[in-house]
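Taking it in order: structure first as structure tokens, then the write-up.
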Amino acid sequence: MIANSNFQALSENYLFAEVGRRVKDYRLQHPEADIIRMDIGDVTLPIIPPVVEAMQRAATEMAHSKTFRGYGPEQGYDFLRSAIAAYDYVSRGVDIREDEIFVSDGAKSDIANLTDLFAPGNKVGITNPVYPVYRDSNIMAGRTEENGLLTLIECDATSGYRPLLPGKELDIIYLCSPNNPTGNTMTAAELKEWVDYALTNDSLIVYDSAYEAFIRDSDLPRSIYEIEGARKVAIEVRSFSKTAGFTGLRCGYTVVPKELKVKYADGTEVELRKLWLRRQTTKFNGASYVIQRGAEAVYSPEGRELIRKNINYYLNNAQILGSAFRKMGFQTLERVNSPYIWIKDTEGRTSWVLFDLLLSKCHLSVTPGVGFGSAGEGCIRLTGFNTLENTLTAAERLEKTL
Ligand SMILES: *Cc1c(COP(=O)(O)O)cnc(C)c1O
């Protein structure tokens, strides 16, 4: 067997390992230091009771022959797909139907698996900085900066962290809004420019809205399908991970509208939805029934209220961190519609210098921005996923020490 040489083009994923190593070293030398983790990219609040109860009921059904369920539909159970269509789309005036929704075990696998649908020679655009899955899944499929199939769209402070339209034609563009890592959320006007670009150039937009539930400004779009024409050019990927704390339970979904049609190399036109259905029925056997019942309960009246509270808790933490840094003279985005706070140093220090400074002076661990791409140099990312108590302590330390 000869190994897939595309893997040789991947860079070592040392970011979080290196963060862990430096924190551990510091702890060894300063055992008294109470280090607060602001680098965590995982939620911390437990699963809300209505979801737990729904999963318990579903587990009990599995114990009786009358209610036992084996393989489920690969696309997901109707009860969950209709709840998603009703609450996430139709109730907001967006026309997305059950048969355009594909339930999965999470957004990350969907995003990576989508590359199965693309011909190898497509030109792909990703932002810099970026959520690494878009980059690495395309490198695994043979697209690199070196061979010209992977283009970085600069998305740094000079553009206010907005992805600007590229000068050349791209076939596939990955957009993430609210953004991980920068926290920037695209406006309807910005998103429309991209939808129009895709309509003009026959491009596909892969729209990752894993943090959609964190949007509080009512003028910001929550789905790309709020933009006219998007049903013809965009796939939307969402997740229950950050919304409802499903990072360990695993459930997400991908929307592929019926109007999204593409061509094979021989010119034959096909609905992209049919390719995704074929891909999923061949390589995927559906998310677990118990988990899908849990996800359904996210949409119950009680579920929605509790989820909103949890997200407000994280948003409040992010807000506290953002204003603490602003008081210290750092640059951050003022509108907080994401759990992430992205800080830019105004004195030109590198990400790792900032990391070491915050660790030694404030006993705070953060994520170096350069780990998300070269445009993240001189920046750090903090999250609102810690407790309110720790967040307040962190803000206090920042104000006292920096
Ligand atoms: C966390 C995250 C996801 C969600 O991944 P899951 O596999 O559903 O847990 C997707 N996109 C981004 C940008 C994320 O940060």
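Computed from the coordinates by the stated procedures, all read-outs in this text should not be read as laboratory data. It should be emphasised that the depicted structure is a prediction, and the values quoted were computed from it without experimental measurement. Here Cβ is always computed from backbone atoms with ideal geometry, including for glycine, and neighbour counts include all displayed protein chains.
How about segment 127-174: which trypsin sites (Lys or Arg not before Pro) there lie in a loop by DSSP and see at most 15 other Cβ atoms within 10 Å?
In loop regions of segment 127-174 (DSSP not H, G, I, E or B), the sparsely surrounded trypsin sites (Lys or Arg not before Pro) are K168.
For D105, which sequence-distant residues (separation of 5 or more, or a different chain) have an amide H within less than 5 Å of its own amide H, given hydrogens modelled in the peptide plane?
Distant-sequence amide H within range of D105: G252.
Could you work out [θ]222 nm for the chain from helices alone, using -39500 (n - 2.57) per DSSP H run of at least four and dividing by all its residues? Round to the nearest 500 deg cm²/dmol.
Mean residue ellipticity, 222 nm, calculated: -11000 deg cm²/dmol.
Between T185, T383, T158, which gets the highest mean-square fluctuation from a Gaussian network model of the chain, Cα cutoff 10 Å?
T158
Starting from the Cα-Cα distance between A86 and T187, subtract it from 0.36 nm times their residue separation and give me the gain in nm to one decimal.
34.0 nm
When only Cα pairs under 8 Å and 6 or more residues apart are kept, what is the percent relative contact order across segment 297-395?
30
Under 19 Å from the Cα of K344, which lysines turn up, not counting those fewer than eight places away in the same chain?
K327, K361
How far, in nm, would the chain grow between N316 and S109 when pulled straight, counting 0.36 nm per residue and subtracting the alpha carbon separation?
71.6 nm
Which residue fluctuates the most in the chain, going by a Gaussian network model with Cα springs under 10 Å, if the choices are N147, N180, N386?
Among N147, N180, N386, the largest GNM mean-square fluctuation belongs to N147.
Amide H neighbours of T247 under 5 Å, at least 5 residues apart or on other chains, H built in the peptide plane: list them.
none
I'd like the FRET efficiency for S374 and H64, computed as 1/(1 + (r/R0)^6) with the beta carbon distance as r and R0 of 41 Å, rounded to 0.05.
So, using R0 = 41 Å, E works out to roughly 0.10.
What's the long-distance tail for segment 1-159, i.e. % of Cα pairs beyond 22 Å?
Above the 22 Å cut-off, segment 1-159 has 68 percent of its Cα pairs.
Straight-line reach from K263: which aspartates and glutamates have Cα under 13 Å away, leaving out those fewer than 8 places along the same chain?
D171, D202, E271
Students often get this wrong, so check it: of K108/K168; K168/K261; K66/K242; K24/K309, which have C-alpha atoms separated by over 26 Å?
Flagged as over cut-off: K108/K168; K66/K242; K24/K309.
Where does segment 109-222 land on Rg(C-alpha)/(2.2 N^0.38 Å)?
Compactness ratio reported: 1.02.
For segment 326-377, which GluC sites (Glu not before Pro) are in a loop by DSSP, counting at most 10 other Cβ atoms within 10 Å?
Answer by residue number: E334, E347.
What are the semi-axes of the equivalent ellipsoid of the chain, taken as the square roots of 5 times the eigenvalues of the Cα gyration tensor, listed largest first and rounded to whole Å?
Rounded to whole Å, the semi-axes are 34, 28, 21.
Equivalent ellipsoid semi-axes for segment 303-361, as square roots of 5 times the alpha carbon gyration tensor eigenvalues: give them largest first, rounded to whole Å.
Result for segment 303-361: semi-axes of 28, 12, 9 Å.
Please sort by residue number the chymotrypsin sites (Phe, Trp or Tyr not before Pro) in segment 233-333 whose DSSP state is loop and whose Cβ has at most 11 other Cβ atoms within 10 Å.
Y264
Just how large is the dipole of the chain about the Cα centre, in debye to the nearest 20, putting +1 at every Lys and Arg Cβ and -1 at every Asp and Glu Cβ?
The calculated dipole for the chain is roughly 640 debye.
Would you mind telling me which residue in K344, K24, K66 has the biggest mean-square fluctuation in a Gaussian network model of the chain, where springs connect alpha carbons within a distance under 10 angstrom?
It is K66.
For segment 203-305, what log10 I(q)/I(0) values come out of the Debye formula at q = 0.14, 0.15 1/Å, with one point per alpha carbon and no solvent?
Cα-only, vacuum Debye calculation for segment 203-305: -0.68, -0.77.
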